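Have a look at the structure below before the remarks.
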Amino acid sequence: MVRPSRSHRAFQGANGVILSLVVLVTLYPFVNIVARSFSGERQIRAGEVTLWPKGFNLTTYRIVLHDGTFWRSYGNTVFYTVVSTLVAMVLTTCYAYVLSKRDLRGRQLLVGVAVFTMFFTGGLIPNYVLITSLGLKNSVWALAVPNAISVFNLLVMKAFFESLPDELEEAAQIDGLSTYGILLRIVLPLSKAVVATMVLFYSVSFWNSWFGAFLYLDRPELMPVTVYLRNLIAGATGGSGTGAATEQLTQVAANIQAVTIVLTALPILCVYPLVQRYFVSGVMLGAVKG
């Protein structure tokens, strides 16, 4: 067994120190946010909160978690995220699989149409008029359809499908599989890494999205949790009162942003470890060819 040289050991040590510092710098903001969410108003305003809560206080969590509207909004968000991610994955996968066929007539035009939308959009007012005229307002489709295909995700999946050996599909065709059969029974089982990565990308995007719901949903019972928390921020920073109500409102205003981030990020933090092992391989394999 060859013993590592002194320079190699020095490089490994320096690399470990640098990466450890990067991890600390990356984790610090989130740890600080969690600490602020449990801290008191005076300590937050005085800038005393760093990595540990000061003036431990659960006022904001109590207000939010005891509100039935919050749980209804949370359920709406789960439903919107699942449906929107499912629609996005079906459309993106089918489009990417089509674009991966080099002998397809009009392939460059289809790629150009997709790339064009990365740089040019219709604008806010035309999009609103279109969604309204199609009768999609106040429905999950107002959130799922306009954002169904991310061009970045599309190009990553396209590159991944292109990296698969053509012989696999040729053998499947000889065995009598149709195009959809090849996609479902051959291509997708070999694409678990990139599919898991795209599911993560889409689900995070739909979970954190609030502007589309704020724009297209005007019934309170349909609001997702991001809009609920946005309204809570607006109410906490713009309200006024006296006595205990004022003290409670001040506490909410002091750490509402921290509580918002924690409650919004928690489900994604729980889901991420389940797909993390596919994440790096999915992105790297999909980026080999462009």
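The values are calculated or read from the model by the stated rules, or taken from the named source; none is laboratory data. Keep in mind the model is a prediction, meaning the values are calculated, not measured. Neighbour counts are summed over all protein chains in view; Cβ atoms, including those assigned to glycine, are modelled from backbone coordinates with ideal geometry.
With more than 15 Å from K158 (Cα to Cα) and under 16 Å from the mean Cα position of the chain (by Cα) as the only criterion, which of L86, L65 stands out? Steps first, answer last, please.
Numbers: L65 fails: under 16 Å from the mean Cα position of the chain (by Cα).
Being more than 15 Å from K158 (Cα to Cα) and under 16 Å from the mean Cα position of the chain (by Cα) holds for just one of L86, L65, which is L86.
Is at least one residue of the stretch 45-56 more than 28 Å from P224 (Cα to Cα) and touching a residue at least 60 places away in the same chain (Cβ under 8 Å)? Give the derivation first.
Going through the stretch 45-56, the residues more than 28 Å from P224 (Cα to Cα) turn out to be 45-56.
After this cut, where a residue has to be touching a residue at least 60 places away in the same chain (Cβ under 8 Å) as well, the list is 45.
Yes - at least one qualifying residue is present in the stretch 45-56.
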Among the residues of the stretch 75-93, which ones are surrounded by 14 or more Cβ atoms within 10 Å (Cβ to Cβ) and under 19 Å from F160 (Cα atoms)?
-> A88, M89, L91, T92, T93
Checked the stretch 157-185 for anything β-branched (V, I, T) and under 15 Å from K101 (Cα atoms); matches are T179, I182
Is it the case that the stretch 99-110 has a residue that's modelled with pLDDT under 90, crowded, with 16+ Cβ neighbours inside 10 Å, of a type outside the set (V, I, T) and out of contact with any Leu (no Cβ under 7 Å at 6 or more places or on another chain)?
-> yes
Cross-chain or 6+ apart pairs with Cβ under 6 Å, the stretch 62-77 first and assigned to a helix (DSSP H, G or I), then of a type in the set (D, E) and exposed (fewer than 14 other Cβ atoms within 10 Å of the Cβ) = none
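Is it true that N147 is touching a Pro at 6+ places or on another chain (Cβ under 7 Å) and more than 21 Å from S191 (Cα to Cα)?
Values: touching a Pro at 6+ places or on another chain (Cβ under 7 Å): no; more than 21 Å from S191 (Cα to Cα): yes.
No; evaluated as a whole, the condition is false for this residue.
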Is it the case that the stretch 169-176 has a residue that's assigned to a helix (DSSP H, G or I), at pLDDT 90 or above and not charged (D, E, K, R)?
-> no
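With respect to L143, is the statement that it is within 21 Å of the chain's Cα centre (by Cα) and assigned by TED's automatic domain parsing to the domain that holds A213 true?
Working: within 21 Å of the chain's Cα centre (by Cα): yes; assigned by TED's automatic domain parsing to the domain that holds A213: yes.
Criteria met by L143.
Identify all residues within the stretch 1-25 that are under 35 Å from the mean Cα position of the chain (by Cα) and either exposed (fewer than 10 other Cβ atoms within 10 Å of the Cβ) or of a type outside the set (S, T, N, Q) (or both); write none if there are none.
First pass over the stretch 1-25, keeping only residues under 35 Å from the mean Cα position of the chain (by Cα): 12-25.
Matches in the stretch 1-25: G13, A14, G16, V17, I18, L19, L21, V22, V23, L24, V25.
Each row is one residue, and each column tells you yes or no for (1) under 20 Å from V227 (Cα atoms); (2) touching a helix residue (DSSP H, G or I) at 6+ places or on another chain (Cβ under 8 Å); (3) of a type in the set (D, E); (4) outside any loop (DSSP other than H, G, I, E, B).
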residue: V87; (1), (2), (3), (4): no, yes, no, yes
residue: V98; (1), (2), (3), (4): no, yes, no, yes
residue: L104; (1), (2), (3), (4): no, yes, no, no
residue: V113; (1), (2), (3), (4): no, no, no, yes
residue: T117; (1), (2), (3), (4): no, yes, no, yes
residue: T121; (1), (2), (3), (4): no, yes, no, no
residue: A142; (1), (2), (3), (4): yes, yes, no, yes
residue: P146; (1), (2), (3), (4): yes, yes, no, no
residue: L154; (1), (2), (3), (4): no, yes, no, yes
Scope the stretch 39-58; condition surrounded by 15 or more Cβ atoms within 10 Å (Cβ to Cβ) and touching a Ser or Thr at 6+ places or on another chain (Cβ under 9 Å); matching residues | G40, E41, V49, P53, K54, G55, N57
